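What follows draws every value from the coordinates through simple rules; no lab data is involved. Treat the numbers as computed from the prediction; the structure is a model and nothing was measured. As a convention, Cβ positions derive from the backbone with ideal geometry for all residues, glycine included, and neighbour counts pool all protein chains shown.
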Amino acid sequence: MILLDTDILIDVALDRRPHSDEATELKYRLQKGPRKAIVAWQHAVELLLPRGPPA
């Protein structure tokens, strides 16, 4: 089982260089083979939501 950070999916979706080529290859291999992957959404949630009241 592979744990993926959301940055990998964002690299693929937005074609963010220089990481998008490797991220696309990893996505392709996961889709093709009998592998399992889990996406770590915690990181994305922490980036999008404020941690407390504004200062």
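Here are some notes:
- Residues whose amide H comes within less than 5 Å of that of Ala37, counting only those at least five positions distant or on another chain, are Ile2 (H built at 1.01 Å from N in the peptide plane).
- Summing Lys and Arg as +1 and Asp and Glu as -1 over all other residues whose Cβ lies under 9 Å from the Cβ of Ile8 gives a net charge of -3.
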